[in-house]
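Following: one structure in structure tokens, then a few remarks.
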4 protein chains.
Amino acid sequence: MSPHRKLVLDKITEILSVTPDEYEDRLTAMVDAAEQVFVGGMGRSGLVTKFFVMRLMHAGYKAFVLGETVTPAIRKGDLFIVISGSGETGSMITNAKKAKEVGAKVVLLTAKSSSTLAEIADEVLQIGTDDSYAKVKGLPMGTMFELSTLIFLEAMVSHIIHEKGIPEEKMRERHANLE
Amino acid sequence: MSPHRKLVLDKITEILSVTPDEYEDRLTAMVDAAEQVFVGGMGRSGLVTKFFVMRLMHAGYKAFVLGETVTPAIRKGDLFIVISGSGETGSMITNAKKAKEVGAKVVLLTAKSSSTLAEIADEVLQIGTDDSYAKVKGLPMGTMFELSTLIFLEAMVSHIIHEKGIPEEKMRERHANLE
Amino acid sequence: MSPHRKLVLDKITEILSVTPDEYEDRLTAMVDAAEQVFVGGMGRSGLVTKFFVMRLMHAGYKAFVLGETVTPAIRKGDLFIVISGSGETGSMITNAKKAKEVGAKVVLLTAKSSSTLAEIADEVLQIGTDDSYAKVKGLPMGTMFELSTLIFLEAMVSHIIHEKGIPEEKMRERHANLE
Amino acid sequence: MSPHRKLVLDKITEILSVTPDEYEDRLTAMVDAAEQVFVGGMGRSGLVTKFFVMRLMHAGYKAFVLGETVTPAIRKGDLFIVISGSGETGSMITNAKKAKEVGAKVVLLTAKSSSTLAEIADEVLQIGTDDSYAKVKGLPMGTMFELSTLIFLEAMVSHIIHEKGIPEEKMRERHANLE
């Protein structure tokens with residue numbers, strides 16, 4: 001395999017190896033307990049939210065991405081999943097506070113053990129550890145957090161599919177047929 | 001009022017004056033009869049779809065914009081509203097055919113009395129007439145169709161609110177409270 | 001014309017009649033003086049930013065919508081146009097402060113004569129007056145500000161096209177030919 | 001590591017191991033030879049295009065995602081990168097034909113060795129082989145193609161950064177500072 005592919009995959013493997021194995025169970029429990037799930041993040045973390053929410057919708061959940069046209073108001077009984085590497089994204093701090101105010105739960109996916117968002121959130125799922133994100137040439141800015149979080153969430157989808165026995169055919173039926 | 005504002009408003013007024021008054025009733029009936037409403041368009045017509053779908057959601061309808069993360073599959077019993085000035089937008093022709101195949105209804109909002117999409121659609125709502133869209137300097141490409149269709153759809157929202165007596169407070173409660 | 005179309009158009013006309021006529025000139029001067037133009041707004045105001053930025057691009061300006069993939073950093077010499085009815089949109093306050101910090105100019109399009117954003121901005125273009133936005137049944141939440149601002153900006157595009165003599169053919173050549 | 005994370009990572013590793021190592025060089029050469037780069041895909045492949053284009057912009061390229069507000073017309077001398085697992089995505093076939101018509105180059109990233117898009121494209125970069133994509137429970141629909149293509153493109157970004165010695169600081173300066 002080309003050295004750059006190996007670099008990326010080795011780093012994700014390293015990070016997900018030190019990320020607690022029970023996270024899939026914990027996040028699934030929170031998602032299952034919620035009436036509606038909202039997922040938010042900025043920039044490339046925002047793209048990660050869309051990968052995940054599309055699959056939640058395919059799996060039959062009522063899930064929304066922040067900022068899309070049909071995203072409704074969050075209410076008591078709902079879950080807000082925030083993706084923020086630094087835990088300091090300004091608009092997400094505002095959103096997390098609002099979610100708490102209305103009585104929704106907040107879970108943070110982050111690279112840091114402590115941050116403003118970590119203090120607000122009901123649960124913090126740290127992807128990797130505080131030592132996982134030393135600078136690596138070729139993997140600029142939040143690259144490793146974004147990719148590791150994406151792969152974690154794809155694993156989470158696999159976990160849900162297996163646990164609930166959701167047939168692929170059922171997911172395909174829900175998938176958009178208009179482009 | 002500045003001459004350019006007057007130019008735009010006069011042109012919209014002219015177009016909506018020759019657009020049949022019963023359209024609000026006809027489109028409301030179709031939207032009410034549908035289980036889910038899908039709205040699609042390309043470019044600036046795509047922006048018009050988002051203005052409209054957000055208000056449909058606020059008004060309590062199950063409505064979706066083509067291409068967003070949580071947009072599900074269209075099925076029998078649903079309605080597909082296509083916005084296409086020319087009636088010849090390639091991807092929308094494909095979508096309209098698929099919508100018909102699954103047994104959904106298709107309504108076209110367009111500038112032309114005849115087109116490929118007009119032949120596929122169950123109903124055609126022509127905004128203005130074939131004579132409405134002569135070139136006007138300062139209002140390039142589809143400007144007048146897009147703006148006239150937007151104002152028509154905002155009027156349609158007003159029509160729905162009055163007819164069903166939807167309180168603004170109710171709409172505000174559904175409005176996204178996370179940014 | 002149907003009463004709801006008339007309601008919407010009369011209200012826009014009323015608002016744009018009391019909006020100073022020199023705004024088109026003032027905003028054009030600011031846009032022309034900038035190296036790059038950034039336009040931001042939330043919700044339906046965010047849709048208005050896209051209508052406008054697409055035409056600026058067609059007209060040959062280097063313009064960007066906040067939140068899109070290729071939007072670069074704002075720098076000294078650039079212009080940030082904020083659309084906020086209330087002038088109190090949280091994320092836009094943060095953005096306006098950042099824009100000022102790097103030495104960019106900020107212009108606010110708003111419904112209110114005074115607000116947090118109005119204090120930060122170098123120039124404030126109030127669309128209508130403080131008396132323009134009494135509640136009207138059928139035109140919920142920010143409807144009248146959004147539509148009036150959109151029509152004002154379309155008039156501004158017409159103004160630019162006339163002033164600089166930009167041929168429609170030239171704009172069409174820049175328009176996306178991939179969907 | 002949890003079994004689902006391992007499942008996803010093993011499958012990506014397997015696919016990228018049988019993907020020719022020279023692809024990074026070939027695609028870099030095409031990107032470097034182009035005046036402007038356009039990247040297109042539908043659904044989750046569309047999200048992959050955004051991950052990639054944001055980094056191309058950070059690295060100093062003139063790159064665009066299909067469907068965003070400021071995406072201009074493609075012209076002779078430009079490159080169109082299409083991401084399509086099946087190679088049969090309707091709108092992308094139309095786009096690839098248009099790109100060829102104006103004299104742009106087309107490169108396809110795909111899961112299949114032969115397809116309609118493969119026939120149109122100047123170059124085909126198959127991610128994995130025709131045997132790579134047997135159904136795996138938990139990894140529905142195009143999951144493995146999308147993730148493998150994303151990791152390949154992140155590796156490609158790393159390749160460009162190393163080859164051209166682009167400092168992270170330089171990329172960070174170009175990164176959007178307004179949210």
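The values are calculated or read from the model by the stated rules, or taken from the named source; none is laboratory data. Quick caveat: nothing in here was measured; it's all calculated off a predicted structure. Note that we place each Cβ from the backbone using ideal geometry, even for glycine, and neighbour counts take in every protein chain shown. Heavy atoms of the whole protein, side chains included, go into the accessibility calculation; ligands, DNA and RNA do not. Shrake-Rupley method; radii C 1.70, N 1.55, O 1.52, S 1.80 Å.
Taking the stretch D:8-55 as the range and being within 8 Å of chain A (Cβ to nearest Cβ), touching a residue at least 40 places away in the same chain (Cβ under 8 Å) and acidic (D, E) as the test, only D:E24 passes. For the condition facing chain B (nearest Cβ under 10 Å) and either among the hydrophobic types (A, V, I, L, M, F, W, C) or not in a helix (DSSP H, G or I) (or both), C:E179 qualifies.
Do we have any residue at all in the stretch C:61-74 that's small (G, A, S), at pLDDT 95 or above and touching a His at 6+ places or on another chain (Cβ under 8 Å)? Yes, the stretch C:61-74 contains at least one residue that is small (G, A, S), at pLDDT 95 or above and touching a His at 6+ places or on another chain (Cβ under 8 Å).
Restricting attention to the stretch D:129-142 and to residues that are open to solvent by 50 Å² or more (accessible area, probe 1.4 Å) and free of Cβ contacts under 8 Å to residues at least 12 places away in the same chain, the residue that is farthest from D:K98 (Cα to Cα) turns out to be D:K137. Tallying residues that are assigned to a strand (DSSP E or B) and either in contact with a Cys (Cβ under 9 Å, 6 or more places away or on another chain) or open to solvent by less than 30 Å² (accessible area, probe 1.4 Å) (or both) within the stretch D:76-128 yields 11. Here is the figure for the stretch B:129-155: residues that are at the interface with chain C (Cβ under 7 Å from one of its Cβ atoms), part of a helix (DSSP H, G or I) and not β-branched (V, I, T) total 4. Residues satisfying the criterion are present in the stretch B:60-71 (criterion: facing chain A (nearest Cβ under 10 Å) and in contact with a Lys or Arg (Cβ under 8 Å, 6 or more places away or on another chain)). Restricting the stretch A:17-39 to residues that are open to solvent by less than 10 Å² (accessible area, probe 1.4 Å) and hydrophobic (A, V, I, L, M, F, W, C) leaves a set whose member that is nearest to the chain's Cα centre (by Cα) is A:V39. Residue selection: B:E35 satisfies the criterion of being part of a loop (DSSP other than H, G, I, E, B) and either at pLDDT 95 or above or in contact with a Gly (Cβ under 6 Å, 6 or more places away or on another chain) (or both).
Does any residue of the stretch C:157-174 turn out to be touching a strand residue (DSSP E or B) at 6+ places or on another chain (Cβ under 8 Å) and either open to solvent by 10 Å² or more (accessible area, probe 1.4 Å) or more than 9 Å from chain B (Cβ to nearest Cβ) (or both)? There is no residue in the stretch C:157-174 that is touching a strand residue (DSSP E or B) at 6+ places or on another chain (Cβ under 8 Å) and either open to solvent by 10 Å² or more (accessible area, probe 1.4 Å) or more than 9 Å from chain B (Cβ to nearest Cβ) (or both). Contact annotation: residue pairs with Cβ atoms under 8 Å, 6 or more positions apart or on different chains, pairing a residue in the stretch B:74-85 that is closer than 9 Å to B:Q36 by Cα with a partner that is among the charged types (D, E, K, R), are B:I74/B:K98; B:R75/B:E35; B:G77/B:E35; B:D78/B:E35; B:D78/B:K105; B:L79/B:K105; B:F80/B:K105. Output the number of the condition that A:E14 fails; it satisfies all remaining conditions of (1) open to solvent by less than 50 Å² (accessible area, probe 1.4 Å); (2) closer than 29 Å to D:M1 by Cα; (3) of a type in the set (D, E, K, R). It fails just one condition, (1).
Which of the residues belonging to the stretch B:9-54 are out of contact with any Asp or Glu (no Cβ under 8 Å at 6 or more places or on another chain), charged (D, E, K, R) and within 19 Å of C:L47 (Cα to Cα)? The answer is B:K50, and nothing else.
Of everything listed in (1) within 16 Å of the chain's Cα centre (by Cα); (2) among the aliphatic types (A, V, I, L, M); (3) within 24 Å of A:L153 (Cα to Cα), the single unmet condition for D:M1 is (1). In the condition set (1) touching a strand residue (DSSP E or B) at 6+ places or on another chain (Cβ under 7 Å); (2) closer than 18 Å to A:A59 by Cβ, A:A118 is compliant with all but (2).
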